[in-house]
Amino acid sequence: MMNYKLFIISALCIFISQKMNAQYILQGQVMDAETKQKLEGVAIYLVELKKGTQTHKDGSFKFTSIKPGKYLIECSHAGYKSIIKHIILQQDTSIQLFLHKATKELSEIVVTAVTRAAEIKVNPMMIHVMDKQALQEQSSTNIIDALKAVPGVNQLSTGAAISKPIIRGLGFNRVLTLNDGIRQEGQQWGDEHGIEIDEFLADKVEIVKGPGSLVYGSDGIAGVINIITAKFPMQGKSKTQFTSMYQSNNGLFANSIANSGNRNGIQWMARLSQKVASNYQNSWDGRVYNSGFGELNASATLGINKSWGHTDFTVSTYNSILNLVEGERDSMGNFTYINAFGQENTAQSEDLHAYKIGFPHQVINHTRVVSKSFFVLPKGTWHSHVAFQNNKRKEFASATTPHEKELFFDLNTINYTFYYNTESNSKWDYSLGASGMWQQNINKGQEVIVPAYQLFDIGFFVFAQRKIKNKLFFQSGLRIDNRTLQADSYIDNISQDEKFQELKKNFQGLSASLGLAYLKSNKESWKINISRGYRAPNIAELSANGKHEGTLRYEYGNIALKPEISHQIDIGYSFNSDHVSFEISPFLNFVSNYIYTKKLVNSLGLDSIPDPTDPTPAFQFAKGNALLAGGELYLDIHPHPYDWLHIVNTFDYVQAQNMDTRTDSTKYLPQIPSPKYSLELKATKEKWFKYFINTYAKASFNYYFQQRKIFSAYNTETATPGYSLFGTSVGTSIRTKGLQDGLSISIIGDNIFNKTYQNHLSRLKYAPLNMATGRQGVYNMGRNISVKLNITI
């Protein structure tokens, strides 16, 4: 009897072992759909496995040692429309792929900012993707600034160096920024706290609009921005890339060098980047004193990619010095500053043109260690992401005490995400997992504006999707979150008053989404997504008490705040023919317990000034029920026979109201972007003469409508007039021997007519009055010519 049982157990173990160790071959051939010509050099990529190859002269390709499972294969080639195809591998498999010439602007796109890689057209969520080429054609001073052309995406800026993303009118902790799928955590609650990610790391950016993404937890009720680094080279390949950039307006110099390779399943990637800029300028302010900045960043990734899956280990460091504009001027309108002896000086030409550290300024050091693993199992895949982040943000306020850290936040964060994706032959695909973070923030500066705190967050989610007859795609998900927040009491060193009371809070929330995508034909598709999002109030909203340089305000928290709950409906329609591409995506978002800031006034109706020696006005966090409505529109016309010409129109609009009041300006929410219309004329040529490829030239017109639906009560914010900005750009790639991917160059002109304007979401709008001109605040950047150069060997 025992021998019989042992035989059964042994046989079962052998069967399981064979199943787990089974490996198959995936091969195929790629041809032109019309001429049936076999295509050489076509890039073939297995998305989940992070494995790539190229077709040979006969159009053939081959992957070996692939475990059974369900995979997404991406096929792309210059001048052709990309193909995205799901492959269920249960045996050695051979496929044929036919590529069509690329005349359509909206081609097949893979997105990864969800539980599994998917085609954008069958995902009910509203997702926009900027690829490497689109990023190359943009002029920017930081990674969020590079997204300014995306409909529905704006930025809250403090000068040229600091930008915070706004999606459909919502920002701060309501937008989750991801670095290769890992939450970026670095004091996101602050107005003048930027995103600590090297701009040169970005190979693609995915923007998920709305609270439909459930993997990353609380806070993402506005959406998710996933900044994705470049793919590893194909097996047996290595490459070195050099990137250089110059901008005329602020004399920005930036350089980045990277090396990557793939040898016998060992993959690596390393990058070193540097950036330095002087003061930017416009025709009314001249050069804006103390608006320069600098960066020095490095990252290194080492990975193993085998038949069982892959694992990567990344270490990165981001280091920047950001000068903060205060906007103080003398009676002649010249910028002034306080020198090391406490005297007020007028900024001279050498001060305005110098690359130097001024006061106040911030020093940011962000260290990041990440481990990501992917395992192919018999009936699915297992994903494991663990990261440690340390963010040190120091603020130096006075030249008289240059080494004194007025503010010093030391933030430690451990992020974790674990989930299992089922991969079977059934019609349903499921994802189950947990994610969250542990966080501790310590104050080490002379001043304390938020208390030291500890946070623990955990959430559990389940996600399901199904394809019905190749036309209807259904997906739904549910997530439960719990967040514990504890803050220490604090006695002010000078007044000996209790500045912060001990705080203990526990927040719980439910997030959910339900969506459908319907492919009516090869040209038309519909989407609808209904979602519920949850965001717990952050430490500043609950407990702030102090002035932060760069915000131009003294902020008070509100201990009575409750979590924000978002209920949103998104509808999308797209039509994509050979010569017309059209998309429209309206939305409606109701947010209960919406948190915002309003200015405080004294008994005389004047600004409340907490410090008699400092004129900075006081603001306090408040809550209400908000309704946001709007959407985006996209129309690209590329008429026959002029397929090389694209006439691209975009429009985005959002209106936001406080539903608790309908009488005066308090019915509007503050910091809502103005509507924007963009027109772009772009001419492209795939091959030009012998060496030039992917050549383009474009001209753009951007009109920002006036924003008068503002929260003007208590002088909280002011209206912004409309303005127009014109731009132009040209670029090409050059292929020569010895250059693996060639040399590419772009020349970009922004605001070429040197328009003087203030963006409604610029913090510098509220800088002090210029007594010489009567103009309030500081204006945005004037004409700027950028040159970008990329060399890959």
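The values are calculated or read from the model by the stated rules, or taken from the named source; none is laboratory data. This one's a predicted model, so the numbers in the text were calculated from it and none came from an experiment. Positions of Cβ are generated from backbone atoms using ideal geometry, with glycine treated the same way; all protein chains shown enter the neighbour counts. Ligands, DNA and RNA are stripped out before the accessible areas are found, and what is left, the full protein with its side chains, is counted by its heavy atoms. Shrake-Rupley method; radii C 1.70, N 1.55, O 1.52, S 1.80 Å.
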Pair list, Cβ < 7 Å and 6+ apart or interchain, from the range 134-163 residues that are touching a residue at least 12 places away in the same chain (Cβ under 8 Å) to residues that are part of a loop (DSSP other than H, G, I, E, B) and aromatic (Phe, Trp, Tyr): 160/280
Residues located in the range 281-315, provided they are open to solvent by 40 Å² or more (accessible area, probe 1.4 Å), closer than 21 Å to residue 266 by Cβ and not charged (D, E, K, R): 300, 302, 304, 308, 313, 315
Qualifying residue in the range 743-765 (condition: more than 27 Å from residue 284 (Cα to Cα), open to solvent by less than 30 Å² (accessible area, probe 1.4 Å) and in contact (Cβ under 8 Å) with a residue 24 or more places away in the chain): yes
All positions within the range 650-683 that are more than 26 Å from the chain's Cα centre (by Cα), among the hydrophobic types (A, V, I, L, M, F, W, C) and closer than 18 Å to residue 599 by Cα: none
Whichever residue in the range 622-649 is hydrophobic (A, V, I, L, M, F, W, C) and open to solvent by 40 Å² or more (accessible area, probe 1.4 Å) and, among such residues, is nearest to the chain's Cα centre (by Cα): 633
Total residues in the range 411-436, condition β-branched (Val, Ile, Thr) and at pLDDT below 95: 2
Strands (runs of 3 or more DSSP E) enclosed by the range 629-723 - at least 2 residues per element that are out of contact with any Lys or Arg (no Cβ under 9 Å at 6 or more places or on another chain) and in contact (Cβ under 8 Å) with a residue 40 or more places away in the chain: 676-688
Considering residues of the range 153-189 that are of a type in the set (Gly, Ala, Ser) and within 20 Å of residue 414 (Cα to Cα) only, the residue farthest from the chain's Cα centre (by Cα): 186
Residues (touching a Phe, Trp or Tyr at 6+ places or on another chain (Cβ under 7 Å) and part of a helix (DSSP H, G or I)) located in the range 751-767: none
Lone qualifier among 60, 94 - being hydroxyl-bearing (Ser, Thr, Tyr), open to solvent by 60 Å² or more (accessible area, probe 1.4 Å) and modelled with pLDDT of 85 or more: 94
Residue match in the range 599-610 (condition: surrounded by fewer than 20 Cβ atoms within 10 Å (Cβ to Cβ), assigned to a strand (DSSP E or B) and among the aliphatic types (A, V, I, L, M)): yes
Residue list for the range 203-213, restricted to those being assigned to a loop (DSSP other than H, G, I, E, B) and open to solvent by 10 Å² or more (accessible area, probe 1.4 Å): 203, 213
Test: residue in the range 102-109 that is modelled with pLDDT under 85, more than 27 Å from residue 70 (Cα to Cα) and open to solvent by less than 40 Å² (accessible area, probe 1.4 Å): yes
Contacts under 7 angstrom Cβ, first residue in the range 598-624 being at negative phi and among the small types (Gly, Ala, Ser), partner open to solvent by 50 Å² or more (accessible area, probe 1.4 Å) and assigned to a strand (DSSP E or B), 6 or more apart: 608/601; 618/556; 622/598
Check on residue 276, outside any loop (DSSP other than H, G, I, E, B) and under 30 Å from residue 769 (Cα atoms): yes
Hits in the range 667-677 (condition: hydroxyl-bearing (Ser, Thr, Tyr) and crowded, with 20+ Cβ neighbours inside 10 Å): 668, 674
Boolean, residue 399 is touching a residue at least 40 places away in the same chain (Cβ under 8 Å) and out of contact with any Asp or Glu (no Cβ under 7 Å at 6 or more places or on another chain): yes
Residues within the range 237-268 that are open to solvent by less than 40 Å² (accessible area, probe 1.4 Å) and either assigned to a strand (DSSP E or B) or without any contact (Cβ under 8 Å) to a residue 60 or more places away in the chain (or both), tallied: 13
Residue match in the range 194-202 (condition: touching a helix residue (DSSP H, G or I) at 6+ places or on another chain (Cβ under 9 Å) and assigned to a loop (DSSP other than H, G, I, E, B)): yes
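Only residues that are open to solvent by less than 80 Å² (accessible area, probe 1.4 Å) and of a type in the set (Phe, Trp, Tyr): list them for the range 328-341, please. Steps first, answer last, please.
Initially, the range 328-341 is screened for residues open to solvent by less than 80 Å² (accessible area, probe 1.4 Å), giving 329-330, 333-337, 339-340.
Passing the criteria: 335, 337.
Yes/no matrix, rows are residues, columns are (1) basic (Lys, Arg); (2) over 21 Å from residue 209 (Cα atoms):
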site	(1), (2)
432	no, yes
456	no, yes
461	no, no
470	no, yes
483	yes, yes
492	no, yes
Candidates 619, 587, filtered to the one that is assigned to a strand (DSSP E or B), at pLDDT below 90, crowded, with 16+ Cβ neighbours inside 10 Å and in contact with a Lys or Arg (Cβ under 7 Å, 6 or more places away or on another chain): 619
Total residues in the range 768-780, condition surrounded by 19 or more Cβ atoms within 10 Å (Cβ to Cβ) and part of a loop (DSSP other than H, G, I, E, B): 4
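Conditions (1) of a type in the set (Val, Ile, Thr); (2) not in a loop (DSSP other than H, G, I, E, B), marked per residue:
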{"site": "301", "(1), (2)": "yes, yes"}
{"site": "304", "(1), (2)": "yes, yes"}
{"site": "313", "(1), (2)": "no, yes"}
{"site": "316", "(1), (2)": "no, yes"}
{"site": "320", "(1), (2)": "no, yes"}
{"site": "332", "(1), (2)": "no, no"}
{"site": "337", "(1), (2)": "no, yes"}
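Scan the strands (runs of 3 or more DSSP E) fully inside the range 342-456 and keep the ones with 2 or more residues being crowded, with 17+ Cβ neighbours inside 10 Å.
Once the strands (runs of 3 or more DSSP E) in the range 342-456 are filtered for at least 2 residues that are crowded, with 17+ Cβ neighbours inside 10 Å, what remains is 361-377, 380-396, 407-422, 428-443.
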